[in-house]
Amino acid sequence: MFEQTFKNIDDLLYKDSGADSELDYIGQTSWVMFLRYLDELEQDKADEAELKGEEYNFILDEEYRWPNWAMPKDGDGKLDHHIALTGPDLVAFVDGKLFPYLAKFKQEAESANTIEYKIGEIFSELKNKIQSGYNLREILEYADQLPFRASNDKHELSHLYETKIKNMGNAGRNGGQYYTPRPLIRAMINVTDPQIGEKIYDGAAGSCGFLCEAYDYMYERMEKTTDNLKTLQEDTLYGKEKKNLAYVIGIMNMILHGIEAPNIIHTNTLGENIRDIQEKNRYHVILANPPFGGKERKEIQQNFDIKTGETAFLFMQHFIKSLKTGGRAAIVIKNTVLSNADNASVALRKLLLEGSNLHTILDLPGGTFTGAGVKTVVLFFQKGEPTKKIWYYQLDPGRNMGKTNPLNDKDMEEFVALEKKKRETEKSWILNVNDLDEATFDLSPKNPNTPEETPLRSPEVILAEMESLDAETNTILNSIKELI
């Protein structure tokens, strides 16, 4: 049922001259959904307070609450056309009053992990791009039909929202950075196995796929006590994201997964000097797919011990530094980190091998990431002890990966099962760190267990065979001629 609602909203955005790409559609849908969600959250809290005989202080002033500006209803519960704003009046209210009012919350919020701060942050970052107030009126009516209260409804909404994020990833160059295939994320979480009471972090959170999946994984496995739930909701999942749109989408994605005030900070993670990271800022588990191919400015590079312009390599240093001793990480990174011969790459491999146990490298096939023309690997490591052995696994789903043939959970089953015992097979092998070249620490995957293919024949042999086949053909042709 909600699928149609989403589709209707998209159709209206498509007709509107202000929103012109999948990225815009999801951004615009997000702010409308967020305000609809906020209203239901406030209604729930007001009902709870009333049951306890207490007064609830609404976050939003009367004029800016959903039932007053978006969906004023008459006695029959229908939209009251006499007072509902529409057309140019509606756009003027949204652009001139609603957004500036909500943006102010950022300055007034007590701290960054309050819902008030999130409201301020979202509405300082997004602009309303819907130019026709008539389209906007219809979109608000559709959004009003989306129920956020029942958990099974929320589950369906989060599923649809994930699909939108995925489509955005497929839609173009910009979208891909928001989307890591969920089966890969789930396998990474399975191997790192986060437990309740641990803090989990993604410093390049994007649409928060890692944090949402970690939430689901932990929720399913934990004892369902009020304390555990509160811990999971409030003190478990942390993220940082630099891009405006990704930040908003990530917040909305986490809210739909049931996290009321997500601990996501809107900031450039690499702007932080890693020498300032202290024990209290460290995490038990880090899961991430940092952007690759970016180039960072000189002043950003000053925040790191190993200077390099490559964004992903700076993120690696940030992650190593942000892990508690004994902490576990699973990071998706382009495979050149294993073999590049420049000083920064060699220094990074040395840092990782000497200070952490890089126990597993998962080698992913090309096409795992839609639209990204790079080969990637996942590094699994535990901080605190040097690496002695590395278990490699070469993922081969037995087909060409791509948009119509994406990674699925079945593809990952063997890896997850074998990883527990680090078994050697035709696709997996063990490398002793003592055997590494100490000048380069080259870690490129070279599988010694690949079954031998039939050796290639020499050109002489091939030519001789062609000659004998030619002779045979001539003989056959001659016998046919004789018959005619």
What does the extension gain come out to for residue 416 and residue 235, with contour length at 0.36 nm per residue minus their alpha carbon separation? 62.4 nm
For the stretch 261-312, what is the accessible area per residue in Å², given a 1.4 Å probe and the full set of protein chains? 46 Å²
First measure r as the distance between the Cβ atoms of residue 149 and residue 430, then evaluate 1/(1 + (r/R0)^6) with R0 = 45 Å and state the FRET efficiency to the nearest 0.05. 0.30
How much accessible area per residue does the stretch 48-145 have, counting only protein heavy atoms and a probe of 1.4 Å, in square angstrom? 56 Å²
Only Lys, Arg (+1) and Asp, Glu (-1) charged, at Cβ; the stretch 307-358 dipole about Cα centre in debye: 160 debye
Along the principal axes of its C-alpha atoms, what lengths does the stretch 382-453 span, in descending order and rounded to whole Å? 42, 33, 23
Relative to the present Cα-Cα distance, how much length would full extension add between residue 1 and residue 48 at 0.36 nm per residue of separation? 14.0 nm
Obtain the radius of gyration and the Kirkwood radius of the stretch 290-354 from its C-alpha atoms and give Rg over Rh. 0.93
Which aspartates and glutamates does residue 45 reach when only Cα atoms under 14 Å apart count, and residues fewer than 8 places away in its own chain are ignored? 54, 55, 260
Report, for the chain, the % of DSSP beta bridges that are antiparallel, rounded to 5. 55 percent
Could you give the length gained by full extension between residue 466 and residue 375, i.e. 0.36 nm per residue of separation minus their alpha carbon distance, to one decimal place? 28.8 nm
Mind listing the Cα extents of the stretch 232-276 along all three principal axes, in Å, largest one first? 34, 24, 9
Accessible carbon and sulfur surface of the stretch 1-97 relative to its total accessible area, %, 1.4 Å: 47 percent
Over all alpha-carbon pairs of the chain, lay out the pair-distance distribution in 10 Å bins, whole %, shortest bin first. 4, 17, 26, 21, 14, 8, 5, 3, 2, 1, 0
Within the stretch 4-94, GluC sites (Glu not before Pro) in DSSP loop having at most 15 other beta-carbon neighbours inside 10 Å: 54, 55
Whole-percent carbon and sulfur share, accessible surface of the stretch 396-484, 1.4 Å: 54 percent
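Can you give the translational diffusion coefficient of the stretch 1-104 in µm²/s, computed by Stokes-Einstein from the Kirkwood radius over Cα pairs at 10 °C and 1.306 mPa s?
My calculation gives 101 µm²/s for D.
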Going down the table (350/383; 199/240; 295/324), which pairs top 24 Å between alpha carbons? 295/324
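Regarding the stretch 341-428, what's the average projected area of the Cα-atom convex hull, expressed in nm²?
Working: hull surface 27.8 nm².
That works out to 6.9 nm².
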Taking only DSSP H segments of four or more residues, each worth -39500 (n - 2.57), what value at 222 nm results for the chain once the sum is divided by all its residues, to the nearest 500 deg cm²/dmol? -14500 deg cm²/dmol
Heavy-atom accessible area per residue of the stretch 444-484, all protein chains kept, 1.4 Å probe, expressed in Å², is 96 Å²
Given N residues in the stretch 242-350, what is its alpha carbon radius of gyration divided by 2.2 N^0.38 Å? 1.14
To two decimal places, what compactness ratio does the stretch 290-438 give when its Cα radius of gyration is scaled by 2.2 N^0.38 Å? 1.08
What longest region of the chain stays clear of chymotrypsin sites (Phe, Trp or Tyr not before Pro) that DSSP places outside H, G, I, E and B and that have at most 15 other Cβ atoms within 10 Å? 59-484
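The values are calculated or read from the model by the stated rules, or taken from the named source; none is laboratory data. Quick caveat: nothing in here was measured; it's all calculated off a predicted structure. Every residue, glycine as well, gets a Cβ built from its backbone with ideal geometry; the counts of neighbours run over all protein chains shown. Side chains are part of the model used for accessible areas, which takes the heavy atoms of the whole protein and leaves out ligands, DNA and RNA. Shrake-Rupley method; radii C 1.70, N 1.55, O 1.52, S 1.80 Å.
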